[in-house]
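Chemist: I'd like to ask some things about the structure below.
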Amino acid sequence: MKRLIDSFNYAIEGIIYTLKTQRNMKIHFFMMIIILLLSLFFDFSKIELLLLLFAIALVIITEMINTAIEKAVDMITKEFHPLAKIAKDVAAASVLVAAINSIMVGYLLFFYHVNPFTRSILFKIRSSPVHLTFICILLIIIITIIIKTITQTGTPFEGGIISGHTALAFTVSTVITFLSENILIATLSFLLSILVGQSRVEGKIHSIFQVINGAILGILLTVLIFQLL
């Protein structure tokens, strides 16, 4: 289990390195958050949402591959070489193609659903709990990684100023509260979330303060999204 967690940490560290060192990656992440938030206002089908997520992921993946190729080439030679230039240019071209594809996918999806005279946008969002829940969880993961990157504390899956596990647990509990509208179910779900936070403290992975930060982040972000929408 420890080796599996280490593998995840190494992978996330790769994302964090690209995010910290590559200007384009920062732009991609910023646009990803904006697009995910905007998607809440449109009644996308599951297929349309999958296409949108695939287009976003493709841009992120190609940018990371581009960075990996650049670093590998720089490790081999610091001098100008035609083959090194070709390798970097082709890698950069893959990012360009993915970016153009994402723009076209986004344009077609959003343009098709835009209706300036609609009166049912809020109803559509409220009637799409699966979409709303998925976006809440995804944003919590992204924001947690960004905060840990900025504060340079802990690893993506262990330690840090915010307990990501606790944030996710309280996000799910808050979503359950909104969707079920049942006090007993809501209470039981929050008890489970508290147990998640306690396990992080008992395992000496996080302090009580960091667990509380995670709980507050999970609850506030979910409440904000549900109440605004």
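Condition check ((1) surrounded by fewer than 16 Cβ atoms within 10 Å (Cβ to Cβ); (2) in contact with a helix residue (DSSP H, G or I) (Cβ under 7 Å, 6 or more places away or on another chain); (3) aliphatic (A, V, I, L, M); (4) closer than 25 Å to LEU224 by Cβ) across all residues:
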{"position": "ILE5", "(1), (2), (3), (4)": "yes, no, yes, no"}
{"position": "GLY14", "(1), (2), (3), (4)": "yes, yes, no, no"}
{"position": "LYS20", "(1), (2), (3), (4)": "yes, yes, no, no"}
{"position": "MET25", "(1), (2), (3), (4)": "no, yes, yes, no"}
{"position": "HIS28", "(1), (2), (3), (4)": "no, yes, no, yes"}
{"position": "ILE33", "(1), (2), (3), (4)": "yes, yes, yes, yes"}
{"position": "LEU37", "(1), (2), (3), (4)": "yes, no, yes, yes"}
{"position": "LEU40", "(1), (2), (3), (4)": "no, yes, yes, yes"}
{"position": "ILE47", "(1), (2), (3), (4)": "yes, no, yes, no"}
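Chemist: Search the range 208-229 for residues being closer than 16 Å to THR133 by Cβ and in contact (Cβ under 8 Å) with a residue 12 or more places away in the chain, and hand back the single one that is surrounded by the most Cβ atoms within 10 Å (Cβ to Cβ).
Modeler: GLY218
Chemist: Go through the range 38-58 residue by residue and tally those that are under 30 Å from GLN152 (Cβ atoms) and free of Cβ contacts under 8 Å to residues at least 12 places away in the same chain.
Modeler: 2
Chemist: A further question on this structure: For the structure I just gave you, tell me whether THR77 is touching a residue at least 40 places away in the same chain (Cβ under 8 Å), of a type in the set (Ser, Thr, Tyr) and farther than 20 Å from ILE135 by Cα.
Modeler: Taking the combined requirement at face value, the residue does not satisfy it.
Chemist: Just one of ILE125, ILE146, ILE142 is in a helix (DSSP H, G or I) and either more than 18 Å from LEU19 (Cβ to Cβ) or at pLDDT 85 or above (or both); which is it?
Modeler: ILE125
Chemist: From the list GLN210, GLN198, GLN227, pick out the single residue that is of a type outside the set (Phe, Trp, Tyr), at pLDDT below 85 and either assigned to a helix (DSSP H, G or I) or assigned by TED's automatic domain parsing to the domain that holds ILE5 (or both). Outline the logic, then answer.
Modeler: Values: GLN210 fails: at pLDDT below 85; GLN198 fails: at pLDDT below 85.
It is GLN227.
Chemist: Could I ask something else about it? Quick check: anything in the range 163-171 modelled with pLDDT of 80 or more and surrounded by fewer than 23 Cβ atoms within 10 Å (Cβ to Cβ)?
Modeler: yes
Chemist: Is it the case, given these coordinates, that LYS26 is of a type in the set (Lys, Arg) and either touching a Phe, Trp or Tyr at 6+ places or on another chain (Cβ under 7 Å) or under 19 Å from VAL105 (Cα atoms) (or both)?
Modeler: So LYS26 does not fit the description; no.
Chemist: Which is buried (at least 20 other Cβ atoms within 10 Å of the Cβ), outside the structural domain of HIS28 (by TED's automatic domain parsing) and under 19 Å from ASN9 (Cβ atoms), of ILE140, ILE205, ILE146, ILE150?
Modeler: ILE140
The values are calculated or read from the model by the stated rules, or taken from the named source; none is laboratory data. Values in this document were obtained by computation on a predicted structure and should not be read as measured data. In this analysis, Cβ positions are derived from the backbone assuming ideal geometry, glycine residues included, and neighbour counts consider all displayed protein chains.
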